[in-house]
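The values are calculated or read from the model by the stated rules, or taken from the named source; none is laboratory data. The shown structure was predicted, so the numbers you read here are calculated from the model rather than taken from an experiment. Cβ placement follows ideal geometry from the backbone for every residue including glycine, while neighbour counts extend to all protein chains displayed.
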Amino acid sequence: MQKIPMTADGFRRLEDELRTLKTVERPAVIRAIAEARAHGDLSENAEYHAAKEKQGFIEARVAEIEDKLSRAEVIDVSKLSGKDVKFGATVTIADEDTDEELTYQIVGADESDIKQHRLSISSPLARALIGKKPGDSVEVAAPGGSKAYEIVKVKFG
């Protein structure tokens, strides 16, 4: 069974989502199904079919989260250190063409959110950064062509 690297924060977010699904979403959909059944003929009852479909999505997501939590390898970022880029590092990079600086934390695939500056460990950019140090340059294939970045700073915690 393959372990899934995850920060403690990412693990907590998955636990919170699972708790919400089980205590809020699941009971609500069960009530919606019961209410739709009370309306009679189920074969032409759109509310019933919509509620059953939503129930399927909820149950699939619950199973998916439970699987991920059972395989999670929680990594305490606050205990990491060093100068090279690895999982959990917050990396500042500079675009070598524009000198624009970007800062990302390298996290597990399930906790990535580019708007929150959390970059998936499996992304092409993160894979290129892993093992590098400040001052190193990396080249990444991007949809608009190859992009080059210089690592400005690496920090943990």
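List of remarks:
- Residues of region 122-157 that are out of contact with any Lys or Arg (no Cβ under 8 Å at 6 or more places or on another chain) and among the β-branched types (Val, Ile, Thr): Val152 alone.
- Qualifying strands (runs of 3 or more DSSP E) (wholly inside region 94-157; at least 3 residues being within 30 Å of Glu64 (Cβ to Cβ)): 101-107, 118-120, 137-142
- Checking region 81-98 against the condition returns a match, with at least one residue being without any contact (Cβ under 8 Å) to a residue 40 or more places away in the chain, assigned by TED's automatic domain parsing to the domain that holds Lys132 and surrounded by fewer than 17 Cβ atoms within 10 Å (Cβ to Cβ).
- Sole exception among (1) in contact with a helix residue (DSSP H, G or I) (Cβ under 6 Å, 6 or more places away or on another chain); (2) of a type outside the set (S, T, N, Q); (3) part of a helix (DSSP H, G or I) for Ala63, by number: (1)
- So Arg37, is it more than 30 Å from Glu150 (Cβ to Cβ) and either under 19 Å from the mean Cα position of the chain (by Cα) or modelled with pLDDT of 95 or more (or both): no
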